[in-house]
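Working notes for the structure below.
Please treat every number below as a calculation from the coordinates, not as lab data. What you see is a predicted model; the values in this text were computed from it and never measured. Don't worry about glycine lacking a Cβ; one is built from the backbone with ideal geometry, like all the others, and counts go over all protein chains shown.
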Amino acid sequence: MSGERMEPWVAVDFETASSDRASACAVAAVAVADGAVVDERRWLIRPPGNKYDAFNTFIHGIDGSITRDASEFSTVWSEVLDFAGGRTLVAHNAGFDMGVVRAEHVRTGATPAEINYVCSLVMARRQWTGLPSYSLPWVCDHVDVVLADHHDPLADARACAEVMLKLLATLGTTTLSEAAERLTVFVGSYGPHDVRCTIKDHKSRLGRLPENPDADPDHPLYGMHLVFTGTLQQWRREDAARLAVQCGAICANSVTRSTDYLVCGISDPRVLRGHTMSTKLRKATAQGVELLTELEFTQLL
């Protein structure tokens, strides 16, 4: 890459006030040019009714007292787009962040401006195989990126930008589109043309049809085999599985060779019987199954 000018792009990260994706409460954007961060900005957003779930506030520390006087999504998103200036967006787990944008446009009835984006989580999964999880903290740790304050949108956007810079350097390319092509990942688009940032051959790996034939085939959980272990805080396992199936996932009771994700709740020490991990977790770890916390599962939904 010596002597080549790197493509400029913008890393973004959203936080939400509830499990409803149309409840954005903060967003940050970090501009990258010539291989370095050159500008950054953080916005607060007043969610609908300025209402928050306690679980979300516990995660990111934002509540109604902080966003009472903030602008609504449409105003802030317009400012984010002005900041981006037509450059491609990068998000870690873009299925969540772009899902927020989609849901907010549906809620307000606004016509979306066309934007292109890539997902650093999807691309990291293709490049650095074998990690227990591809959540932002795990990937940052793997590539020696400092994540100072996880779930602060600006800290997460900075870390996302640094992860993508590491990935571009590893691939020896200066452009996001070339990186995506090498990793056989679609460059996503939202607006008049809606293309999800997914693995190009993912449909050929799905095997049997999921239980919901009407699910969106581009949803990040579509066709994925899920198993749950431990006690979830937000739902009963049955309800979580039902939500996953609605997205096209295939849920099972035990870890097998086809398992893609193990969603990990809190384990009862009496059930562990002296072990540090549940039987499912031990088996999943041995097989290299990707582990998801309940929050990560919620974001994928």
Problem - Karplus (6.51, -1.76, 1.60) ³J(HN,Hα), θ = phi - 60°, over segment 179-188, in Hz, Gly and Pro reported as x - result: 4, 5, 5, 5, 8, 6, 10, 6, 7, x
Fill in the blank from the handout: Rounded to one decimal in nm, the spacing of the 7 Å Cα→Cβ label points at residue 129 and residue 37 is 3.2 nm
Completion exercise
Once amide hydrogens are built 1.01 Å from N within the peptide plane, the residues lying 5 or more places from residue 290 or on another chain with amide H under 5 Å from its amide H are 262
Exercise for the section: DSSP loop (so not H, G, I, E, B), at most 13 other Cβ within 10 Å: list which trypsin sites (Lys or Arg not before Pro) in segment 109-200 pass both filters. Expected result: 200
Problem - Square roots of 5 times each gyration tensor eigenvalue, C-alpha, segment 2-75, largest first, Å - result: 31, 12, 10
Handout entry: Fraction of antiparallel bridges per DSSP, the chain only, in percent to nearest 5
Key = 55 percent
Problem - MRE, 222 nm, helices only [DSSP H, n ≥ 4, -39500 (n - 2.57), over the chain, to nearest 500] - result: -10500 deg cm²/dmol
Handout entry: Hz values of 3J(HN,Hα) by residue in segment 252-260 - Karplus curve (6.51, -1.76, 1.60), Gly and Pro given as x
Key = 9, 8, 9, 6, 10, 5, 8, 5, 9
Completion exercise
Exposure-ranked with fewest Cβ neighbours within 10 Å first, 19, 65 stand as 65, 19
Practice task
Pairs of Cα atoms under 8 Å, at least six residues apart: use those to get the relative contact order of the chain, whole percent.
Solution key: 16 percent
Practice task
Tell me the label-point distance for the pair residue 69, residue 55, using the 7 Å Cα-to-Cβ offset, in nm and rounded to one decimal.
Solution key: 3.2 nm
Handout entry: No Cys partner within the rule (Cβ under 4.7 Å), the chain
Key = 25, 140, 160, 247, 251, 264
Handout entry: P(r) weight above 20 Å for segment 1-157, C-alpha pairs, percent
Key = 51 percent
Completion exercise
The computed P(r) of the chain puts the percent of Cα pairs beyond 33 Å at 22 percent
